[in-house]
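Asks: Right, I'll just put the structure down here and ask away after.
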Amino acid sequence: MQGAAVHALRGVSLEVGSGEYVAIAGPSGSGKSTLLQLIGGIDVPTAGEVEILGTRLDSLSDRELTRLRLTRLGFVFQRFHLLPVLTARENVELPMAEAGVPARERRVRALELLAYVGLEDRAGHRATQLSGGEMQRVAIARALANRPVLLLADEPTGELDAATGAEILSLFRRLNHDGTTLVVITHDEQLASEAGRVIHMLDGRIQDGGESPETAAPLPRRPAVPL
Amino acid sequence: MSGLGWAVKGLIRQRLRTVLAVAGIAISAAMLLDMVMLSGGIEKSFAELLLAKGYQIRLTPKGTLPFDTEATLDGVSSVVKRLRRDTAIASAGAVLGTSLYGRTGDSLVTLIGYGIQPEAQGVYQVQRGSDLTPDDTLGVLLSTPVAGLLGAGVGDTVRLVGRLDPQVAAAAVSRQLVVRGIVRWVYDYRGQPSIGTVLPVMQTLASGSPDDRASLLLVKVRDDAVAPAVAARLREEFPRLEVYSVVDLVRFFKQRLVYFRQLSYILATMSLIVTVLLITTLLTITVNERLGEIATLRAIGIARSTVMRQVLIEGTVLTVVGAALGIVLGLGTARYLDSILTSFPGLPAAFSFFVPRRENLATAAVVLLVTGSLAGLYPAWLAARAPIAATLRSEAT
């Protein structure tokens, strides 16, 4: 038996400028996670194209796409997805090790990033020994490890209580302020309202907010760590 | 964090499962090692046993193997003289095997008797006391079991009785001899009650007179390399005798044990299959449990090759630890099994079924490591092919 094809997204056109903080909001099943996965090159559109820094993702081989995700993009997931057997520092070092960063250099940077997200004293703790908020902050530090041009976050506060979620929001604000381009998927209106631009989606279509702003984002201040 | 450290931590995370898998691999590895030792060990042990005293050639009555029947050779003294005149031969001696009795109090105990030529003997090693001299017709050598049975030690006198056969109503021949030494008979089974005298004394005990008969002749060639050529020459020179080099005897032995070897190959293969199934099953379960984690790693840019490598390293770590334990377990099991098998009657106590050799250990270790590592290929492929987007979606729901 063959089922009918389901289109998660239809006619979506979205442009995100450097330094922007974009929130994609919408109810469950509206296609926002699919959109994020397409932007991040972990899913492939049946039609249309995705371009990051002038490179069409459909022109890349699987290996090149993997390399692009490693070096140009950063991912934060709802369920953190840290490796439980590794420490916070080792989790942050993982993408740098894959990118071939020398051991000493990646150790220093991992500690800097953990300090940036306020976890310098938790560097030696395994992921399982951290709270939800701490795990998400380690996941953010991991996402920043290879100095990505774009940070993609899928429901980053979905597993957190309100207070901890607020800490993550504050961290995102700071990241954007320090120059990181952010695309955040959420159905949390408070989180969405923090963004410079909010895109609302419904039934696989962009309802509003899809237009690129005419004015460029303000120049970032010098970040606390070289992001 | 190295790939190895990451793999070890991953295995420790599932402690009980890892311990059970390692135990299973260790048992399979032990079985593999034992079977490898068994398949090659028997013939090596047999060859070593034959060469224990350096005699490379045996001459026996036509159509028989050494001590395979009670057949004897006649006119052995002239044959021995001819052999000793051969410049390629370092020494040659005759051995007569027979049964006789030892008197202890009013009763008799059954003994195995060897008539030997002490100047050229390849069947015993002196443990206590002294060896016989070629003309010592009053001396006897005892094995430790006989010393116990007769309650005799070096310097004591023992009485031996031969030809005591009521079926043929033969007259008994008796000799009172002095114990010169306690010896270990190289080809005796465990507990065998053996004694030895110079050849003429044993011939008299066996047949009533020194009839110049022997069960076998032993020949030591000066150069090991020419032993087969000398054996071939002796075969032509003594057509009414069977002439065997050690190589010939090992070949006969191998033919008799062909089923034993086949069994060991089958069991070794089965143990390898069990190892592969264990590792593949464990790693496949682990990969399936960690699909979310693997999809995340792929999403953040970890290459397929890195994911595959990690799974293969885990398989290799399991194999290495299991194999190391398996070698210890296999050696212990081999020793225990050897003690059981060599206690069977008729088998020389010095014989060994399981011979631990460096090449056996290396063969078992290499075969196990290669198959164990390959066993991780399927789960590694599964991990590398995990669909990122679909897995992350299912993880989120």
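Asks: Excluding same-chain residues fewer than 8 positions from B:LYS9, which aspartates and glutamates have a Cα within less than 15 Å of its Cα?
Replies: A:GLU90, B:GLU293, B:GLU314
Asks: Suppose we keep just the DSSP beta bridges with both residues in chain B; what percent of those would be antiparallel, to 5? Spell out each step's value before the answer.
Replies: Details: 42 of 52 bridges.
Bridges in chain B are about 80 percent antiparallel.
Asks: Which residue fluctuates most in the GNM of chain B (Cα springs below 10 Å): B:GLY115, B:GLY102, B:GLY292?
Replies: Sorting by GNM fluctuation, first place goes to B:GLY292.
Asks: Here's another thing I want to ask about it. Antiparallel DSSP bridges in the protein assembly as shown: what percent, to the nearest 5?
Replies: Numbers: 48 of 76 bridges.
Given both bridge residues lie in the protein assembly as shown, the antiparallel proportion sits at roughly 65 percent.
Asks: Please give the charge dipole size of the protein assembly as shown, origin at the Cα centre, charges +1 on K and R Cβ atoms and -1 on D and E Cβ atoms. Round to the nearest 20 debye. Don't skip to the answer; put the middle values down first.
Replies: Values: 63 positive and 58 negative charges, 334 e Å.
Dipole size: approximately 1600 debye.
Asks: Further question on the same structure: Taking R0 as 51 Å, what's the FRET efficiency between B:LEU138 and B:VAL258 from their Cβ-Cβ distance, rounded to 0.05? If you can, show how the numbers build up before the last one.
Replies: Details: r = 48 Å, r/R0 = 0.94.
After rounding to 0.05, the efficiency reads 0.60.
Asks: ³J(HN,Hα) across the stretch B:339-344 via Karplus (A = 6.51, B = -1.76, C = 1.60, θ = phi - 60°), whole Hz, x for Gly/Pro?
Replies: So the J values, rounded to whole Hz, are 5, 6, 5, 7, 8, 5.
Asks: Using Cα pairs closer than 8 Å and at least 6 residues apart in sequence, work out the relative contact order for the stretch A:82-138, in percent.
Replies: Numbers: 53 pairs, mean separation 27.9, N = 57.
The value is 49 percent.
Asks: For the stretch B:49-54, what does the Karplus curve 6.51 cos²θ - 1.76 cosθ + 1.60, with θ = phi - 60°, yield as ³J(HN,Hα) per residue in whole Hz, taken in order and with x for Gly and Pro?
Replies: Result, ordered by residue: 5, 5, 9, 3, 10, x Hz.
Asks: Something else: Rounded to the nearest 5, what is the percent of antiparallel bridges among the DSSP beta bridges in chain A? Working shown, then result.
Replies: Details: 6 of 24 bridges.
Looking only at bridges with both residues in chain A, the antiparallel portion is about 25 percent.
Asks: On to the next question. Against the longest alpha carbon principal axis of chain B, how many degrees, from 0 to 90 and to the nearest 10, is the axis of helix B:227-237 turned?
Replies: In chain B, helix B:227-237 runs at an angle near 40 degrees to the longest axis.
Asks: For B:VAL178 paired with A:SER61, estimate the spin-label separation in nm (one decimal), with each label point 7 Å from Cα along the Cα-to-Cβ line.
Replies: 9.3 nm
Asks: So who's got an amide H within less than 5 Å of the one on B:LEU132, skipping anything under 5 residues away but keeping other chains? H placed 1.01 Å off N, in plane.
Replies: Hits under the 5 Å cutoff: none.
Asks: If one takes the longest principal axis of the Cα atoms in chain B, at what angle in degrees, from 0 to 90 and to the nearest 10, does the Cα axis of helix B:258-289 lie?
Replies: Between helix and principal axis, roughly 20 degrees.
Asks: Multiply the residue gap between B:VAL109 and B:ARG335 by 0.36 nm, knock off their C-alpha separation, and tell me the result in nm, one decimal place.
Replies: Working: separation 226, 0.36 × 226 = 81.36 nm, distance 3.23 nm.
Full-extension gain reported as 78.1 nm.
Asks: Once the Cβ-Cβ distance between B:GLU48 and B:TYR265 is put in as r, and R0 is 25 Å, what FRET efficiency do you end up with, to the nearest 0.05? Display every interim value, and only then the final one.
Replies: Numbers: r = 22 Å, r/R0 = 0.89.
E(calc), rounded to 0.05, equals 0.65.
Asks: Follow-up. Residues with amide H under 5 Å of A:ALA153's amide H, sequence separation 5 or more or different chain, H placed in the peptide plane at 1.01 Å from N; which?
Replies: Excluding prolines and chain starts, which carry no amide H, the hits are A:VAL76, A:VAL183, A:VAL184, A:ILE185.
Asks: Another question, then. Rounded to the nearest 20 debye, what is the charge dipole size of the stretch B:20-155 about its Cα centre when +1 sits on each Lys and Arg Cβ and -1 on each Asp and Glu Cβ? Intermediate values should be presented prior to the final figure.
Replies: On the way: 10 positive and 12 negative charges, 59 e Å.
Roughly 280 debye for the stretch B:20-155.
Asks: Right, here's the next one. Rounded to the nearest 0.05, what FRET efficiency do A:SER170 and B:LEU16 give with R0 = 41 Å and r taken as the Cβ-Cβ distance? Could you check? Mind dumping the intermediate values first?
Replies: Numbers: r = 42 Å, r/R0 = 1.02.
Efficiency, from the Cβ-Cβ distance: 0.45.
Asks: Output the relative contact order of chain A, whole-number percent, from Cα pairs under 8 angstrom with separation of 6+ residues.
Replies: Working: 385 pairs, mean separation 81.0, N = 227.
Taking the mean separation of contacting Cα pairs over the length of chain A, I get 36 percent.
Asks: Just tell me which lysines come within less than 21 Å, Cα to Cα, of B:LYS44; anything on the same chain fewer than 8 places away is out.
Replies: B:LYS53, B:LYS220, B:LYS254
Asks: Follow-up. How big is the dipole moment of the stretch B:310-397 about its Cα centre under a simple scheme where the beta carbon of each Lys and Arg is +1, that of each Asp and Glu is -1, and everything else is neutral? Debye, nearest 20, please.
Replies: Using only the charged Cβ atoms, the result is roughly 60 debye.
Asks: Next question. Rounded if a/c is under 1.5, else prolate if a/b is larger than b/c, else oblate: which is the stretch A:33-82, with a ≥ b ≥ c the root eigenvalues of its Cα gyration tensor? It would help to have the intermediate numbers written out before the result.
Replies: Numbers: a/c = 2.07, a/b = 1.38, b/c = 1.50.
Oblate is the answer for the stretch A:33-82, as a/c is 1.5 or above yet b/c matches or exceeds a/b.
We did not get these values from a lab; they are worked out from the coordinates using the rules stated. Just so it is clear, the model here is predicted, and its values are computed rather than measured. No Cβ is skipped: glycine too gets one built from the backbone with ideal geometry, and neighbour counts run over all protein chains shown.
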